[in-house]
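Scroll down for the structure; my scribbles are underneath it.
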Amino acid sequence: MKFLIVTHVPHTVEQNQYYGYAPYVREMNIWIKQLDELIVVAPLENKKPTAIDDFYEHKTINFRRVSPFNLTTFKHTGSSIFKVPKILLQIVVAMQQADHIHLRCPGNMGLLACVAQIFFPFKPKTAKYAGNWDPKAKQPWTYRLQKWILSNTFLTRNMQVLVYGSWENQSKNIKPFFTATYSEAEKVPMQKTINASITIKLIFVGNLVEGKNPMYAIQLFEQLRLTNENVVLDIFGEGILRASLEKYIETNHLEAFVILHGNQNQQVLKKAYQDSHFVVLPSKSEGWPKAIAEGMFWGCVPLVTAVSCLPDMLDQGNRGILLQMDLEKDATRIHKLINNSADFELKSTAALNWSRNYTVECFETEIQKLVQV
């Protein structure tokens, strides 16, 4: 079987291995395990792989490089419009040659692929919508258009669309789904306790960008320190906000308590989750936040905003705390949990038990049902 992936994820190549963002590549390695040939249509950058990159584990990769472009704003649309016909032609040719078509959405490449797939109604197709599927969410017009095309069973045929969360009034091709990081073998016993006299560890994992709101995580930590000086915050990730975060930490004399670790590999993050009590992500929008699911797997109590499928992941607050984005109110609720070890342990155990339903083996079983080799 020739399996086609159309994605906006930037790739790099080193020693004939194609690298991309590690969580995405590790997931795709499960999809492509039993396939004869992999075709990838995606941007290719001239740089070295980083600590958060991984490579496709496949012997036969046919990589089709496309130029990066941006259609999310009218400003960028003008400069990108001349690239679109060539890229669209590349996608159509690849779809013609493939036995199974797989779209990664939302994204600029996903938008073009959504249009192109209309002309292949008889080919088996899947789409992974990794963003927020909530019909009420405010999103760029390109995201809304992709959701509309994918949900339209007249335009989109013979496709299963994998989305995060269960939403009312969806078309029959929309399938609630999940993702996974850890295996059954990693389900080692883990029981966390807490009290105000020990060091309370918070962990933030994500890009340092406005959408992930790392500044709120730091300010929430500051508010917690007003009532508990034993709190520390570890931040993992890189992004355009790093310099401003460093300045804020220095200005407010937080260097000893807030540590910016940058990008780290999976093993480093795993150990950090195991050592932490809370995983915090005050994000403005999410799909399936891997950092939260990963933290929960190791018994971290999640502190998150009520966006996308997060209320369901937290069982409406029984497995963590849904932030109100009010520093004083949020800190008060967390402080109460720190001082109530029984409640903390209940939430920690509930988070762990829920997350451990979604292992790599479970994910692989569900993927095999979607891709018939």
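What follows draws every value from the coordinates through simple rules; no lab data is involved. Being a predicted model, the structure only gives us computed values, none of them experimental. Glycine gets a Cβ as well: all are built from the backbone with ideal geometry, and neighbour counts include every protein chain shown.
Side notes on the structure shown:
- Computed over the chain with a Gaussian network model linking Cα atoms closer than 10 Å, the most mobile of Thr199, Thr305, Thr349 is Thr199.
- Stretch in the chain that is longest and holds no chymotrypsin sites (Phe, Trp or Tyr not before Pro) that DSSP places in a loop and that have at most 12 other beta carbons within 10 Å: 155-373
- 20 Å Cα-Cα reach of Lys33 towards aspartates and glutamates, excluding residues that sit fewer than 8 places from it in its own chain: Asp53, Asp54, Glu57, Asp99, Glu184, Glu361, Glu364, Glu366
- Zone of Lys336's modelled label, taken as backbone nitrogen in the range 210-234 under 20 Å from a point 7 Å along Cα→Cβ: 220-229
- Per-residue ³J(HN,Hα) for the range 137-154, Karplus 6.51 cos²θ - 1.76 cosθ + 1.60, θ = phi - 60°, Hz, x for Gly and Pro: 5, 7, 9, x, 4, 5, 5, 4, 5, 4, 5, 5, 5, 5, 7, 7, 6, 7
- Our coupling estimate for the range 345-357, obtained by passing each phi through the Karplus curve with A = 6.51, B = -1.76, C = 1.60 and θ = phi - 60°, is 5, 4, 5, 4, 5, 5, 4, 4, 4, 5, 5, 6, 6 Hz, Gly and Pro reported as x.
- Cleavage-rule hits, GluC sites (Glu not before Pro), the range 132-221, DSSP coil, Cβ neighbours within 10 Å at most 11: Glu168
- Cα-based shape type of the range 108-169, given that a ≥ b ≥ c are square roots of the gyration tensor eigenvalues and the cut on a/c is 1.5: prolate
- In plain terms, the bigger the Kirkwood radius, the slower the diffusion; for the chain, with that radius from Cα pairs, at 4 °C and 1.567 mPa s, Stokes-Einstein puts D at 59 µm²/s.
- The chain: antiparallel DSSP beta bridges as a percent of all, rounded to 5: 10
- Couplings for the range 246-256, taken from phi via the Karplus curve 6.51 cos²θ - 1.76 cosθ + 1.60 with θ = phi - 60°, read 4, 5, 5, 4, 5, 4, 9, 6, 10, 4, 7 Hz in order; Gly and Pro are left as x.
- With an a/c value under 1.5 for the gyration tensor axes a ≥ b ≥ c computed over the alpha-carbon atoms, the range 185-355 is described as rounded.
- Equivalent-ellipsoid semi-axes of the range 1-131, from the Cα gyration tensor, Å, largest first: 22, 19, 13
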